[in-house]
Amino acid sequence: MVVSITSFLRTPELPAIWNFAPDDRSPDYFRQFSAVSLAVQRCLRERVPPVFLAVAIFERPSLVYPVLMYAASRPFRPRFPHEFAYDPIDVSWFVRFVKASKRGLSPQLRDVYDRMDREQAGKLSRPYGPRRVARAIRIVRKFKRSQTLLSNLVAGEAALVDDLLRLAGLGQLPERDRKKVTARFFRDFHLHLRHMCNLCDLRPLAPALVAAATQALALALAAPVAA
């Protein structure tokens, strides 16, 4: 089902399969919501950069580099109950991002480099050469605004995952409470996307993120439990 951003904001409605989401006491809770978390993180890494890069701020690499680093980072893979995303308070996530970027950042830079060659006749391409990985990491480490942008993306991601976790056990609630939880979910999801990046509007990504989470939940519900 294709959901537009307009209908997402005006008439919030979750697919019925969320009524089967396990509560946090279920033995299936960790496995199924781990799948939801990973799907949302992957969707964000795929879809945030194109929205951000549409803002045409390529003359300021210190703002582009952190978004490319985010895209190149590995999603957090849950290993323990109640840990479903990077903890934005624990700065160890940055070490993981840097490690992942040494491999994944080069193709991200190459894409921007090629785009600048096509659209700007190479005028802004130099800072985005695929061999500029070490420089990009140094810039993000050096400039406070670069760190803040990357931190906000990580914090926003964690907040969105938490929003989805609050849907656990939705179908077990009375109808009135279910409607309240659903309304709160859409309100918070929308709010966290709005605050995730102050340089672009990420709210149009909401339907795609909910769709990715819903598909992951459906597949997890259908998957047989390992013996």
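Some notes on this structure:
- Members of the stretch 47-88 that are within 11 Å of the chain's Cα centre (by Cα), hydrophobic (A, V, I, L, M, F, W, C) and part of a loop (DSSP other than H, G, I, E, B): Phe76, Ala85
- Of all the numbered requirements in (1) surrounded by 15 or more Cβ atoms within 10 Å (Cβ to Cβ); (2) in contact (Cβ under 8 Å) with a residue 60 or more places away in the chain; (3) more than 24 Å from Arg145 (Cα to Cα), Val181 misses one, and that requirement is (2).
- For the stretch 116-144, the set of residues classified as surrounded by 15 or more Cβ atoms within 10 Å (Cβ to Cβ) and in contact (Cβ under 8 Å) with a residue 40 or more places away in the chain consists of Met116, Leu124, Pro127, Tyr128, Ala136, Ile137, Ile139, Val140, Phe143, listed by residue number.
- Meets criteria (assigned to a helix (DSSP H, G or I), in contact (Cβ under 8 Å) with a residue 12 or more places away in the chain and closer than 30 Å to Gly171 by Cα) for Leu44: yes
- Out of Leu150, Leu193, Leu199, one residue alone is in contact (Cβ under 8 Å) with a residue 40 or more places away in the chain and either part of a helix (DSSP H, G or I) or touching a strand residue (DSSP E or B) at 6+ places or on another chain (Cβ under 9 Å) (or both). It is Leu150.
- From Arg45, Arg31, Arg60, residue being farther than 22 Å from Ile137 by Cβ and of a type in the set (Lys, Arg): Arg31
The numbers here are math on the coordinates, done by the rules we state, and not lab data. This one's a predicted model, so the numbers in the text were calculated from it and none came from an experiment. For neighbour counting, all protein chains shown are included, and Cβ atoms are generated from backbone atoms with ideal geometry for every residue, glycine included.
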